[in-house]
Each structure stands twice: as structure tokens, then as C-alpha cells.
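Down below is the structure, laid out as C-alpha cells.
The values are calculated or read from the model by the stated rules, or taken from the named source; none is laboratory data. Predicted, not measured: the structure shown is a model, and the values here were computed from it. Here Cβ is always computed from backbone atoms with ideal geometry, including for glycine, and neighbour counts include all displayed protein chains. SASA here: full protein model, heavy atoms, side chains in, ligands and nucleic acids out. Shrake-Rupley method; radii C 1.70, N 1.55, O 1.52, S 1.80 Å.
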Amino acid sequence: GAVVSQHPSWVICKSGTSVKIECRSLDFQATTMFWYRQFPKQSLMLMATSNEGSKATYEQGVEKDKFLINHASLTLSTLTVTSAHPEDSSFYICSARGFRNTEAFFGQGTRLTVV
Amino acid sequence: DQQVKQNSPSLSVQEGRISILNCDYTNSMFDYFLWYKKYPAEGPTFLISISSIKDKNEDGRFTVFLNKSAKHLSLHIVPSQPGDSAVYFCAASDYNTDKLIFGTGTRLQVFP
């Protein structure tokens, strides 16, 4: 399958700082990228959907000013957690898809711990 | 509002037997369905998918069945192997909104 690289795989930051997570599709052009969050023993919660060159569509309850998503090119999307707090600690996963109704491929995930 | 549900949080199957994982959805606009396998602290790995125009898709040991009238799909793994032990997620895609929504997951354990 296609390769999606997510970086970093883990990060520890201080409360109040911002953290940027990168998601790259290495061997295909991702017209759509998804960002998910997973709490322990829970499902993947869709945070936002982004299409290259346009603003991300956020799910209800997700603060767009806190979770900044940029999808500047067909191979790169970034998620920035601004002014992070301990409750933002979670496992964040990105996914990329070339066309609608095709499989989406996932990055390795990023474990964020805010202390 | 959980649009995609997997009502069995866990399933235990003996090696060599069939594993059947079930998934139900509520949104009739979903038209493409996928199954993913996930290990802890890793991203999901794509297994198999099915379009709403089909009712069955097979790939090796994995077969996905879709019953649109019941809004139900299932993943069959046969024969099950210990390496299949993981959490399995079904996902559904809405062509109009382009979203990919995941179910709650089923933890499969295949024992010798």
C-alpha cells in the first residue's frame, strides 16, 4: 500500500506551548487528508478533513483555533496544537487519500504528552 | 452520535477457525466501506474495502460482506491466525462530505 509518514512519533511539551505534527504522503498525491484523535481504549475520532489548498472542515466540538490544520500541498498536511494543555494529551493520527471512494492510508501516529 | 458502530468490543477465536467481525451504520449516504487493523500506538493498516454497488469483496483470507438494506457489513477472516490478533475498525465514507468515519473497534484475539 501507499506510504504516509507522520512526524514526530512522540512529543512531550510544556503546558502553554504549541506543537506541530507533520503528515506526508510519500508516494502519492493526497487530495484529502484526515486528522484523528484516539483516547485510550476508544475509537478514532475524526477531528477535521482537509483538502489541498482549502480550509479544513472541522468536526463539531473541535476548536479550529486550537487545532490549526494546514494542507498546503498535495503531499503535506500539518496539525498544530496551540497553547497545549494536559487534556490535549492523546494519540493523533493522520490519514491521506488520493481520490474519493478509495482507501485512505494512515501515518504511524503521534503520541502527544503535555506536562 | 455514533454513525458507525461495532457492537462487539472483543472477540476470541481459535486458530484455524473463522473470525466474523460485524459493523452497523446509520447514515444511508455512506457508499464506501473499509476495514482496518490496528496495533497499539500505531496507525491503522488498510485491509479490504467494498463499494456500495457490491455485496461481497474477497482478498485472500479476508472477505467483506455488505447488506445495504440492513446497513450492516461484516469481515470474515478464515482461517484465523494468531498474527491476526489486533483491533479491527470498520470505516465508512460519504461521497458527498468526503469524510471517513470509524467504528468503535473490535479487539480480536486468536488463540492456538
- Task: Quick one: accessible surface of A:Arg24, probe radius 1.4 Å, all protein chains present, in square angstrom to the nearest 10.
- Result: 100
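Order the following by accessible area, largest value first: A:His7, B:His76. Probe radius 1.4 Å; ligands, DNA and RNA are ignored.
Output order, biggest surface exposure first: A:His7, B:His76.
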- How would A:Asp65, A:Asp88 rank on accessible area, largest to smallest, probe 1.4 Å? A:Asp65, A:Asp88
- Query: Sorted by accessible area (1.4 Å probe), largest first, how do B:His72, A:His71 line up?
  - Reply: B:His72, A:His71
- From the Cα gyration tensor of the stretch B:41-112, with a ≥ b ≥ c the square roots of its eigenvalues, which class applies: rounded if a/c is under 1.5, or else prolate if a/b is larger than b/c, or else oblate? oblate
- Item | Phi-based couplings in Hz for the stretch B:70-82 (Karplus 6.51, -1.76, 1.60; Gly and Pro marked x) | 8, 6, 9, 9, 9, 10, 10, 10, 8, x, 6, 10, x
- How big a patch of accessible area, both sides summed and in Å² to the nearest 100, lies buried between A and B at a 1.4 Å probe? 1800
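Would you mind classifying the stretch A:1-83 by shape? Square roots of the alpha carbon gyration tensor eigenvalues, ordered a ≥ b ≥ c; an a/c under 1.5 is rounded, otherwise it is prolate if a/b is larger than b/c and oblate if not.
Details: a/c = 1.44, a/b = 1.33, b/c = 1.08.
Because its axes are fairly even, with a/c under 1.5, the stretch A:1-83 counts as rounded.
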- Over all residues in B:91-103, what is the mean tally of Cβ atoms on other chains that come within 10 Å of each residue's Cβ? 5
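How shielded is B:37-50 by partner chains, expressed as the average number of their Cβ atoms within 10 Å of its Cβ atoms?
5
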- Note on the structure: Heads up, the stretch A:1-45 by the C-alpha gyration tensor (a ≥ b ≥ c square roots of eigenvalues; a/c under 1.5 rounded, else a/b over b/c prolate, else oblate) looks oblate
- Note, B:Arg61: beta-carbon cut-off 14 Å, +1 each Lys/Arg, -1 each Asp/Glu, net -2
- Item | Residues with amide H under 5 Å from that of B:Ile48, placed H, sequence gap 5 or more | B:Trp35
- Phi-based couplings in Hz for the stretch B:9-24 (Karplus 6.51, -1.76, 1.60; Gly and Pro marked x): x, 8, 8, 10, 9, 7, 3, x, 8, 8, 9, 10, 10, 10, 8, 10
- Query: Straight-line reach from B:Lys56: which aspartates and glutamates have a Cα under 20 Å away, not including same-chain ones fewer than 8 places off?
  - Reply: A:Glu103, B:Asp24, B:Asp31, B:Asp94
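Within chain B, which is the longest segment that contains none of the trypsin sites (Lys or Arg not before Pro) sitting in a DSSP loop with at most 13 other Cβ atoms within 10 Å?
B:55-112
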- Note on the structure: With Rh as the Kirkwood radius over Cα pairs, the protein assembly as shown has Rg/Rh of 0.97
- Query: Taking each residue of A:103-109 in turn, how many C-beta atoms of other protein chains fall within 10 Å of its C-beta, and what is the average?
  - Reply: 6
